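Encoded as structure tokens, the structure appears first; notes follow it.
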Amino acid sequence: MKTNRYCAFLRGVNVKGTNMKMTDVCSVFATAGVTEVSSVLASGNIVFSSEKNKSTLKLLLEKLLSSYFKYEAFLFIKDKVEIETFFNNNPFLPDESFHIYGFVGIAGIEKTLMDEFEKTKITNGEEAKIVANHFYWRVQKGNTLDSTFGKILGKKNLKDSFTSRNLNTFEKVLKKM
């Protein structure tokens, strides 16, 4: 059976009281039988190898993490090709004044996120675009949590649907894969 290289993007790690050490998270992943486990940053990006498929891994890892850390775990697993495609389709030019975020999640979440974005009060230079079924958000540095859209991202009804990362994080993940 073929071994695949994946990254699991965990939602809600080391924010709002959900604190966990990445060494502990990696240990939980190892108990699931995956190999070559390592973390990228402290925001819940776990790179690993496995022969199992993504949907099986998602269910197993969410269950193990929920049990170990006593919280409701949500994660989204992508392989290297998916992450490369996502990273390379970024529609925004680099600008030192802005953060660019990418969103990973369930199928169709990009449309929900765009609907939510279009209802918000847009801050100076803030933009959102969908490219190849991926949602990207550009926001001025310092406004991420203060923007109307930034506040929507924490909605409880969306917690099992997506997570976001700065595009720099995706680049670091790719280097580790």
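Laboratory data are not the source of any read-out in this text; all were calculated from the coordinates shown. The structure presented is a predicted model; accordingly, all values stated were derived computationally and were not measured. Because the Cβ atoms are built from the backbone with ideal geometry, glycine has one as well, and the counts that use them run over all protein chains shown.
Quick look at the values:
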| item | result |
| --- | --- |
| Net dipole in debye of the chain [+1 Lys, Arg Cβ; -1 Asp, Glu Cβ; about Cα centre; nearest 20] | 420 debye |
| For the chain, with +1 on Lys and Arg beta carbons and -1 on Asp and Glu, the positive-most of Tyr68, Val131, Ser38 along the dipole | Tyr68 |
| GNM result for the chain, Cα springs below 10 Å: residue of Ser43, Ser97, Ser66 fluctuating most strongly | Ser97 |
| Segment 1-105: trypsin sites (Lys or Arg not before Pro) in DSSP loop, at most 15 other beta carbons within 10 Å | Lys2, Lys16, Lys21, Lys70 |
| Relative compactness, segment 4-82, computed as alpha-carbon Rg over 2.2 N^0.38 Å | 0.97 |
| Radius 15 Å from Cβ of Ser49, net charge of other residues (Lys, Arg +1; Asp, Glu -1) | +4 |
| Contour minus Cα-Cα distance for Lys156 and Thr85 (0.36 nm per residue) | 22.7 nm |
| Calculated on alpha-carbon atoms, Rg and Dmax of segment 44-177 in Å | 15.3, 46 |
| Selected from Tyr101, Thr120, Ile77, residue furthest toward positive end of dipole (the chain; charges at beta carbon) | Ile77 |
| Trypsin sites (Lys or Arg not before Pro) within segment 94-160, DSSP loop, no more than 11 other Cβ atoms inside 10 Å | Lys121, Lys141, Lys155 |
| Estimated inter-spin distance, Thr31 and Ala107, nm [label 7 Å along Cα→Cβ] | 3.2 nm |
| Pairs of Cα atoms farther than 19 Å apart, segment 91-167, % | 27 percent |
| Local electrostatic count, Leu65, Cβ distance below 15 Å [Lys/Arg +1, Asp/Glu -1] | +2 |
| Summed residue charge, Cβ within 11 Å of Phe76's Cβ, Lys/Arg positive, Asp/Glu negative | +2 |
| Gaussian network model of the chain, springs between alpha carbon atoms under 10 Å - residue of Ile106, Ile83, Ile46 with greatest fluctuation | Ile106 |
| The chain: most fluctuating residue of Glu96, Glu84, Glu72 per GNM, C-alpha cutoff 10 Å | Glu96 |
| Net dipole in debye of segment 42-114 [+1 Lys, Arg Cβ; -1 Asp, Glu Cβ; about Cα centre; nearest 20] | 400 debye |
| Net charge dipole size for segment 4-82 [Lys, Arg +1 and Asp, Glu -1 on Cβ; Debye, nearest 20] | 140 debye |
